[in-house]
1. Out of the residues in region 288-298 that are loosely packed, with under 15 Cβ neighbours inside 10 Å and in a helix (DSSP H, G or I), state the one that is nearest to the chain's Cα centre (by Cα).
2. What residue, among those in region 331-347 that are in a strand (DSSP E or B) and within 21 Å of the chain's Cα centre (by Cα), is surrounded by the most Cβ atoms within 10 Å (Cβ to Cβ)?
3. Of the conditions (1) at positive phi; (2) crowded, with 22+ Cβ neighbours inside 10 Å; (3) over 13 Å from the mean Cα position of the chain (by Cα), Gly84 satisfies every one except a single condition; which number is it?
4. So Tyr229 fits all but one of (1) under 30 Å from Ile117 (Cβ atoms); (2) in contact with a helix residue (DSSP H, G or I) (Cβ under 8 Å, 6 or more places away or on another chain); what number is the exception?
5. Which one is farthest from Ile216 (Cα to Cα) among residues in region 45-81 that are surrounded by fewer than 20 Cβ atoms within 10 Å (Cβ to Cβ) and in contact with a helix residue (DSSP H, G or I) (Cβ under 7 Å, 6 or more places away or on another chain)?
6. Would you confirm whether any residue within region 83-96 is modelled with pLDDT under 95 and under 30 Å from Thr264 (Cα atoms)?
7. One residue is enough: does region 17-26 have a residue meeting the conditions out of contact with any Pro (no Cβ under 9 Å at 6 or more places or on another chain), modelled with pLDDT of 95 or more, of a type outside the set (Lys, Arg) and not in a helix (DSSP H, G or I)?
8. Looking at region 131-154, which of its residues are surrounded by fewer than 20 Cβ atoms within 10 Å (Cβ to Cβ) and touching a helix residue (DSSP H, G or I) at 6+ places or on another chain (Cβ under 6 Å)?
Amino acid sequence: MSSQAAHPTLLIPGPIEFDDDVLMALSHPSESHVGAPFVNVFGETLSMLRQLFLSTDPSAQPFAVSGSGTLGWDFVAANLVERGEDVLVLHTGYFGDSFSTCFATYGANPTQLRAPIGSRPSLAEIEAALKEKSYKLITITHTDTSTGVLSDVKAIAELVHRVSPDTLIIVDGVCSVGCEEIRFDDWGIDVVLTASQKAIGVPAGLCILMVSGKAIERFNNRSTPPSSYFASFANWLPIMRNYEAKKPSYFATPSPQLIRGLYTSLKQITSIPMEERFAKHKEVSGVIKKAIGEMGLKQLAESPECQANGMTAIYLPEGVGAPDLLPKLLAKGVIFAGGLHKEIATKYFRFGHMGVSVMNGDLGHINKALDALRASLTEAGYKC
């Protein structure tokens, strides 16, 4: 049971519910960001990020920087692409558009390979696109938070290595890290970017990245300086390396409280094999998706292989609108999210199921949410 004050259960695709110990860690007294106690915690935190991403490659480097997951896009665009270079963005929802806009802001030329809503580009389409021109990098939104569509990162990475081995592989894992299988070394990924407030289970405010040695070498060989100051690898690489070696360092002030929260969460996450965590999220997702189907509801992602394990995007039934359904759910102590994809935002809602709500079944969050959904739909005039 949780010791937190009574509150509606937050089951959106992030921020998620947080563990009591994580919240307690945030209340740590103020401390020096270059003092030995904090430096040691930060160093261990970065080392545990390697375990989270399943990486043992010493040439790769984890980052934890104050900011949102969106800052990860800037890190990629500012450091790994130069003005006028081509990038291929695999579009599975809202966040493909956003990442493309970020690249354009830095002067790159993004090409989006789009799929119908609820689907993802096929491997054949990706291969054809990679053969059309030389792309500096390819971006994959692992789970698009707007649609709940899951991309097959492993298969795409294998394809890129075969067809266009010089193309860097960038994974937007904001809604997937900590709940979906990601094997940084084994799959040959160059960057995974994420944020603290989703399956990692820490309040918003940290941008987290894992960057390969290949990507760092590509950065070092740039012909022009990085096009950002705050998001420059030139400024952050020595800081992260020093902190991981438990040496005080400074470029911009980190958040000691958030880092302590991340340390606490990662201690919990890495206390069991990552395979067990992936399997638990898949198991609970299966229970939810089966229940959704039994209610007669349809998902945006129709094909099982395209369905994320950390969230479910669900079409509203005929005659029921989100402004009617969501308040009914809130009255029963459950918060779901409305639609985000601009083309169909009013036609669906989103159920987030990741982190502590999945890993700690004693909390009862999932059953509570499904019961509340059935009751709320019935009140809205829909027969489940």
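The values are calculated or read from the model by the stated rules, or taken from the named source; none is laboratory data. In this text, all values refer to a predicted model and were calculated from it rather than measured experimentally. Every residue, glycine as well, gets a Cβ built from its backbone with ideal geometry; the counts of neighbours run over all protein chains shown.
1. The residue in question is Lys290.
2. The selected residue is Ala337.
3. Every condition holds for Gly84 apart from (2).
4. Going through the list (1) under 30 Å from Ile117 (Cβ atoms); (2) in contact with a helix residue (DSSP H, G or I) (Cβ under 8 Å, 6 or more places away or on another chain), Tyr229 breaks only (1).
5. Checked region 45-81; the qualifying residue farthest from Ile216 (Cα to Cα) is Met48.
6. yes
7. yes
8. Hit for region 131-154 is Lys154, nothing else.
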